[in-house]
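Notes to accompany the following structure.
The values are calculated or read from the model by the stated rules, or taken from the named source; none is laboratory data. Just so you know, these numbers come straight off a predicted model, no measurement behind them. Cβ placement follows ideal geometry from the backbone for every residue including glycine, while neighbour counts extend to all protein chains displayed. We work out accessible area using only protein heavy atoms, side chains counted, and drop any ligands, DNA or RNA first. Shrake-Rupley method; radii C 1.70, N 1.55, O 1.52, S 1.80 Å.
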Amino acid sequence: MSNEFLRQMPSGRTFSGKDGLIWRLHLDSPLLAALIVLCLGGLLVLYSAGDSNTDLLIRQSVRLGGGFVALFVLAQVPPRTYRFWAPAVYAAGLVLLVLVLFIGTEAKGAKRWLTIPGVASFQPAELMKLAVPAMVAWYFSERSLPARFRDVLLVMLITLVPVLLIARQPDLGTSLLVASAGLLVLFVAGLSWRLILAAMSMLAIAAPLMYFFVLHPYQRRRVDTFFNPEADPLGAGWNIIQSKTAIGSGGVSGKGWLNGTQSRLDFLPESSTDFILAVLAEEGGLIGVLLLLALYTVIIGRGLFISWQAQETFNRLLASSLALTFFIYVFVNIGMVSGLLPVVGVPLPLISYGGTSIVTLLAGFGIMMSIHTHRKLLSNH
Amino acid sequence: MRSPMQFKDHHREGRIFAVRLVWSGVIVLSLMLVLAGRMIWLQAIQHDRYTTLSDKNRVQTQAVAPPRGLIYDRRGELLADNQPDFSLALIAEQVPDLNATLTRLAEMVALEEADIERFWRRLRSPRRPWEPVPVRARLTEEEIARIAVAQHELPGVRIDADPIRHYPYDDLFSHVLGYVNRINTEDLERMTPDEQANYSGTHYYGRLGVERHYERLLHGRVGFRKVETNARGRILQVLEEIPPLPGEDVHLHLDIKVQQAAWDALGERRGAVIAIDPRDGGVLAFVSRPGFDPNLFVTGITHHDYSGYRDDGDRPLFNRALQGQYPPGSTLKPIAGLAGIDAGVTDWQRTIWDPGYYRLEGQERVFRDWRRQGHGWVDMHKSIVESCDTYFYDMGFRLGIDRMHDFMIRFGLGDRTGIDLPGESRGIMPSRAWKRAVRGEPWYHGDTINASIGQGYMLTSPLQLAVSTAVFARQGEPLVPRVAQLTPPASSIEPAMAGETQHWERMTRAMVDVVHGARGTARAMGQGSKYRIAAKTGTAQVFSLGKDQEYNAEEIAERLRDHALIVGFAPADNPAIAVAVLVENGGSGGSSAGPVARAVMDAWLLNNAGELEVPPPALPGAVPALMAGNASAESASR
């Protein structure tokens, strides 16, 4: 199916039919189709990963349904509304993050949730995944590109305040994603390569310092494990060893759906959440993994294409940041599951079970579709 | 609305953005390729390696221990069997807090410091994850119930049922059966890789006695089971199974009736009793008192029990029958006498005057007879019956130690008997060469004179005494004693005085008079016997008397009294049992060891009605022609 989309990508605008129903609903059909295929495939993998537990599947489907509703609703909102509200939402998000530190609900040693008793609970950090890039994009929409040094300082401020608040919860994965969302705007906003290289070398120097002075002991252990998983094969190294074993034993064609021994016999921990890719790799083999990577590439490519076609700075920057953040998800998750990166709590986007991230991700695609489908109206003025 | 300036900026911004977008696409694509490359590396190139790892995860080859062979006596009485036992074990990986759980368990079952210590040691030693680590064996039903009730609060706590060795007769057979206990790394390190594989499922290992000697036989062949397990070690399915080959049952020559009789006759005294069927070399009774309860050792003896045994002055863990070293004393005289006749230094007619002592010509030193006033005129026969020392001093001096040595080793003295039990002592049969090699001293005439009445350097175990008596009963035909009813190996010893029946029979007659004669030293044991017994008493000195000191049993502390000895066989002219009895500090051989030997012989030779009924040998094939042709038992009793 993905091949079909690839073929249709360049002519996406005509395919969807500018006067067609989908277009009038402010949806982008190639992106929507790719997302639906991804989510349905993800449910199949989850069914196996969750030991054929239908409850799990139903809960995930409900969450996906909610995500698609959010996508649809946000696609109807014109981008200028987002630009108008970006600072306010960002500020509100900051307030909520501070609130989390004080009155957040604690679970598994981390304070991430705000609970409105009897109504709902949610993670303000998820809101910031959208609010931070929107805020940075808003910042640049008031200025001219390329990003300069003073912009860097301000963008850093906008980004790092929520990032540090999230890191305090602690939630390394989300803070990493929020930081990426903000800083990626800087990149597409044309920050000079020299500054980028300088920042990267500073990061390289800061990394060991971070390791010793900033990271929590559990985070530090993850880094240690990354460098030497065999040091504690039954403890900290267990996850990564079992995950690589699952992937490697899958081979080219895989062990077949529902036949992965690593996951079905519980050798693979977190098999339905962060390590779900290993289940796909074990049961679907290299073929399954490459199909998934292709599908992700299509989605990210479409996202970049949408930002290419966008005409306003805010829209361009926001859309490209969202698409690239989505890529960060993919790269960090697959990188950690396959042993290329240390274990960071980043889910495989739209496939891993649970988390509000599904709703946030699909909401982000809703904003992208809004940017894409409201473009015609702007040019008609 | 927009100014041209802004429009120009807009255009430039678009270009900047477009360039960065292209860069983004390039970076995204190349990183995607990195991920794809990583997956190709893991899934295509390293596939085999990870397949092995994955199979190792889920497929476990479990060794299945073979059931240990049982041990029976000759009547088919079970002497060692396997009984189900419930033991407490922890799967450490499932226990959230080991210390808290152990504390909790200690409230429900009796846990000693040593149990906890052993648990931690086992936990730290190399083991598979999810493998249960034993904490305590032999749970009582009450303890099992207490744990079962609280099971839901105790994750990782297991009660396993495993067969363990059980010895129904407690200490009665302790020194001959030995025991098994937990196999340890040292045991495994001594094995060949093949043997190690054979023991991969086995928890117990034979330590002493029959359990040790026949370990290979009793153990059997390990079985294997390939199972698929999940990460928590739960077996989901058995993929392949090779059942174990059970260990072989071992049937012993031992007769529980004879063993019990020996045990009871010895009573609370320290000592040893060995009875051998001289026809096939089978060991009918093997007693060393005090014994110990082998059941205490099986699952690991507690410190309290062990120190109780260790610190007991009666040394219950010491196998007197097999490892005790005692001078044979006068029990040696019949063999010494035959040595003199064989060498021609004496004969049945030769008489000497016994004034109560013997003095070497030209020497001051006096060798006393046990009877101060002497035996008067004595010949060989009388010297055996009354146990005259002077006759043997004289004969021994003229025989010389080396000829004595060469004759006596043919009775198995001074060397291991080759019995199927581990840890046997050699004893000492001295010679000039021996004294020079071991002591670095020349041999003196006095040494020979001491040796000729079984004192001095000479040391034997009760087992050796019994074997030499059985060899005597076989008229010199050597034998290798057996506890188990398995064909004994042929002895490499040359028989002594082969075919010289008249000498054997005359010496036997002298030994019969020891028991049945008017002046015999073992008259007490002959009372009312239904068959003729040939025997010789002896005492082994613990304490040397000074030149003119009187031996007064009353005055000497019990532990310094002489050891009482007797050897004998019956029926005298068709022997079916040879016995050696040692009673530590028992004083006189005839009065304290004799009745024990008699009780043992009765237990073997008399039926339930008290009539003489000689049981057939267990291994008729092993009986030498010499004995098979003997007259019947009835005609033997005059």
For the pair B and A, how large is the buried accessible area, both sides, in square angstrom to the nearest 100, if the probe is 1.4 Å?
4100
In nm, give the distance between the simple-model label positions of B:TRP23 and B:GLN196, each being 7 Å from the Cα along the Cα-to-Cβ direction.
6.1
Of B:LEU177, B:VAL22, B:PHE119, whose Cα points farthest to the positive end of the dipole of the protein assembly as shown (charges on the beta-carbon: +1 Lys, Arg; -1 Asp, Glu; origin at the Cα centre)?
B:VAL22
Report the rotationally averaged projected area of segment A:2-380 based on its alpha-carbon convex hull, in square nanometres.
19.3
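At R0 = 60 Å, how high is the FRET efficiency between A:ASN259 and B:GLU500 if r is their beta carbon distance? Nearest 0.05 is fine.
0.10
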Ordering B:42-53, B:382-393, B:192-203, A:125-136 by per-residue average of other C-beta atoms within 10 angstrom, highest first, gives A:125-136, B:382-393, B:42-53, B:192-203
Under unit Cβ charges (Lys, Arg +1; Asp, Glu -1), what dipole magnitude, rounded to 20 debye, does the protein assembly as shown have relative to its Cα centre?
5640
Solvent accessible area, Å² - B:HIS11, 1.4 Å probe, full protein context:
130
HN-Hα J in Hz across segment A:205-219 - Karplus 6.51, -1.76, 1.60, θ = phi - 60°, x for Gly and Pro:
6, 6, 4, x, 5, 4, 4, 7, 10, 10, 5, 5, x, 5, 6
Tilt, helix B:98-108 to longest principal axis of chain B (alpha-carbon atoms), in degrees rounded to tens, equals 50
Zero-based 10 Å bins, Cα pair distances in chain B, whole percents:
3, 14, 20, 18, 13, 10, 8, 5, 3, 2, 2, 1, 1, 1, 0, 0
What FRET efficiency do you get for B:VAL149 and B:ARG49 if R0 is 41 Å and r is their Cβ-Cβ distance, rounded to the nearest 0.05?
0.30
Overall dimensions of the protein assembly as shown by Cα: Rg and Dmax, Å
47.4, 157
Hz values of 3J(HN,Hα) by residue in segment B:577-589 - Karplus curve (6.51, -1.76, 1.60), Gly and Pro given as x:
8, 10, 10, 10, 10, 10, 10, 5, 6, x, x, 7, x
Return one quarter of the surface area of the convex hull spanned by the alpha-carbon atoms of segment A:223-314, equal to its mean projected area, in nm².
8.2
May I ask you to find the residues of segment A:247-279 that are shielded by at least 30 Å² of accessible area once the whole protein assembly is considered instead of their isolated chain (probe 1.4 Å)?
A:ILE247, A:GLY248, A:SER249, A:GLY251, A:THR261, A:LEU265, A:ASP266, A:PHE267
Given q = 0.12 Å⁻¹, what are the Debye log10 I(q)/I(0) values for segment B:252-357, with equal point scatterers placed on the Cα positions and solvent ignored?
-0.65
Rounded to a whole number, what % of the accessible area of segment B:163-322 do carbon and sulfur atoms account for, probe 1.4 Å?
50
Counting only residues 5 or more places away or on other chains, whose amide H sits under 5 Å from the amide H of B:VAL250 once H atoms are built in the peptide plane?
B:LEU70, B:ILE71, B:TYR72
I'd like to check one number: the per residue accessible area of segment B:61-251, probe 1.4 Å, reported in Å² as a whole number.
52
For segment A:2-380: accessible area per residue (Å², 1.4 Å)
42
For residues of A:297-309, the mean tally of beta carbons on other chains within 10 Å:
3
Where does the charge balance sit around B:ASP162 when Lys and Arg score +1, Asp and Glu -1, over other residues with C-beta under 13 Å from its C-beta?
+4
Cα gyration tensor shape of segment B:474-528, rounded if a/c is under 1.5, else prolate or oblate by comparing a/b with b/c:
oblate
Counting alpha carbon pairs within less than 8 Å and at least 6 residues apart, what relative contact order, in whole percent, applies to chain B?
13
Cβ-defined net charge surrounding B:PRO294, 13 Å radius [Lys, Arg +1; Asp, Glu -1]:
-3
Taking the Cα-to-Cβ direction at B:TRP120 and at B:ALA609 and moving 7 Å from each Cα, how far apart do the two end points lie in nm?
6.8
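Express the accessible area of segment B:332-399 per residue in Å², computed with a 1.4 Å probe while the remaining protein chains stay in the model.
For segment B:332-399, the per-residue accessible area is 43 Å².
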Please give me the summed charge of the neighbours of B:GLY412: other residues whose Cβ is under 14 Å from its Cβ, Lys and Arg +1, Asp and Glu -1.
0
Occluded residues from segment B:44-74, i.e. those whose accessible area drops by 30 Å² or more once the chain is not alone (1.4 Å probe)
B:HIS47, B:TYR50, B:SER54, B:ASN57, B:ARG58
Segment A:2-380 - percent of accessible surface contributed by carbon and sulfur, probe 1.4 Å:
69
About its Cα centre, how strong a charge dipole does segment A:265-346 have in debye, to the nearest 20, once Lys and Arg get +1 and Asp and Glu get -1 at the Cβ?
440
If you count the DSSP beta bridges with both ends in chain B, what percent of them are antiparallel, to the nearest 5?
95
Along segment B:45-58, what does the Karplus equation 6.51 cos²θ - 1.76 cosθ + 1.60 (θ = phi - 60°) give for ³J(HN,Hα), rounded to whole Hz, x for Gly and Pro?
7, 9, 3, 4, 4, 6, 5, 4, 4, 5, 5, 4, 4, 9
At least 20 Å² accessible surface lost relative to isolated chain, residues of segment B:206-244 (1.4 Å probe):
B:ASN230, B:ALA231, B:ARG232
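Please compute the average number of Cβ atoms from other chains found within 10 Å of each residue's Cβ in peptide B:21-29. Don't jump to the answer; show the numbers that get you there.
On the way: counts 10, 2, 3, 13, 8, 0, 4, 13, 3.
Per-residue shielding by partner chains comes out at 6.
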In bins 5 Å wide, starting from 0, what share of all Cα pairs of segment B:61-251 does each bin hold, as a percent?
1, 7, 13, 17, 17, 17, 14, 9, 4, 1, 0
